[in-house]
1. Can you sort Ser64, Ser101 so the residue with the fewest Cβ neighbours within 10 Å comes first?
2. If you take every DSSP beta bridge fully contained in segment 11-239, what fraction is antiparallel? Give it as a percent rounded to 5.
3. Whole number please: convex hull volume per residue of the Cα set in segment 74-215, in Å³?
4. Express in nm, to one decimal, how much length is gained between Lys36 and Gln12 on full extension, taking 0.36 nm for each residue of separation and deducting their alpha carbon distance.
5. At a 10 angstrom cut-off on C-beta neighbours, averaged per residue, how do the peptides 104-110, 210-216 rank from highest to lowest?
6. Using the structure shown, select from Lys46/Lys229; Lys36/Lys213; Lys66/Lys222 the pairs with a Cα to Cα distance greater than 21 angstrom.
7. To the nearest 20 debye, what is the magnitude of the charge dipole of the chain about its Cα centre, counting +1 on the Cβ of each Lys and Arg and -1 on the Cβ of each Asp and Glu?
8. Using a/c under 1.5 as the rounded threshold, could you call segment 48-106 rounded, prolate or oblate? The axes a ≥ b ≥ c are square roots of the C-alpha gyration tensor eigenvalues, and prolate needs a/b larger than b/c, oblate otherwise.
Amino acid sequence: MLTSAAFASDPQRVLFIGNSYTGVNKLPEVFLEVVKSSGRPAPVVKSSTPGGRTLKQHLAIAGSMKLVDEGNWDVVVLQGQSQEPAIAETDETVRKEFQESAAELCRRVRAKSPKVKICFYETWARHADYWKAAKKGPDVGANPKEMQTRLRKWYGVVAQDNGATLVPCGDAWELNYASSAPVRLHTSDHSHPEFVGTYLNALIFFGKIYEAKAPAPKWMGKLDDAQAKLMQGFAAQVLN
């Protein structure tokens, strides 16, 4: 049995700053359940998840900045608007805003939490059916593969530029949809996550924050054993 001393460096305070991709199914709470059922001490977890906000808009949201300025965070997760990094590939204005806002948020976080681990939440491409719709909105790429490539690239850029960690949730979604029997991770809007998708994301956050290569928590939430094991497998693939 591992003693508590083995977990001396586990985070005690974790903050999520994002929007509906963090708020739907309450990712911070699902992450906390994964942590607890993996045998780790439960950190304090807080979040600010107003819908549809970009990184730049979070800088002007009092609730988000109040939480950031509490300080003494061990981990802070940052998530932009779901299309923002994909549009950044072809729109110079969006790209500049995304990069500059990411840098400013990192400076703001580190001003009050100098030892913090900052994580950029790489989200996922829209479901393939999104491209069949009559009204698709701005240019996020020609298909899920192109959109995911853009998300991976630009979240990777801001993570590297700011000495932060990339949490590759979207990569695991891509693995699922490329498999022989993919599970539907998107809701019917082709955008937001079903609980199974949120569970997969929580596994990857646990893996990246706790340096666990193969998360296998006992807690499965709404999932059956087979679904949970499948998601744990996809998480292990991207974490390794």
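Read-outs throughout are calculated quantities, based only on the coordinates presented, and are distinct from any laboratory measurement. Note that the structure is a prediction, hence the values are computed from the model and not measured. Note that each Cβ is placed from the backbone with ideal geometry, even for glycine, and that neighbours are counted across all protein chains shown.
1. On the way: Ser64 23, Ser101 20.
Sorted ascending by nearby Cβ count, the order is Ser101, Ser64.
2. Numbers: 1 of 17 bridges.
Here the share of antiparallel DSSP bridges comes out near 5 percent.
3. Details: hull volume 15.6 nm³, N = 142.
Measuring per residue, one finds 110 Å³ for the Cα hull of segment 74-215.
4. Details: separation 24, 0.36 × 24 = 8.64 nm, distance 1.25 nm.
Gain in length upon complete extension: 7.4 nm.
5. Values: 104-110: 18.4, 210-216: 14.7.
Packing order, densest peptide first, comes out as 104-110, 210-216.
6. On the way: Lys46/Lys229 28 Å; Lys36/Lys213 17 Å; Lys66/Lys222 33 Å.
With Cα atoms farther than 21 Å apart: Lys46/Lys229; Lys66/Lys222.
7. It comes to approximately 340 debye.
8. Values: a/c = 2.30, a/b = 1.92, b/c = 1.20.
Because a/c hits 1.5 or more and a/b exceeds b/c, segment 48-106 counts as prolate.
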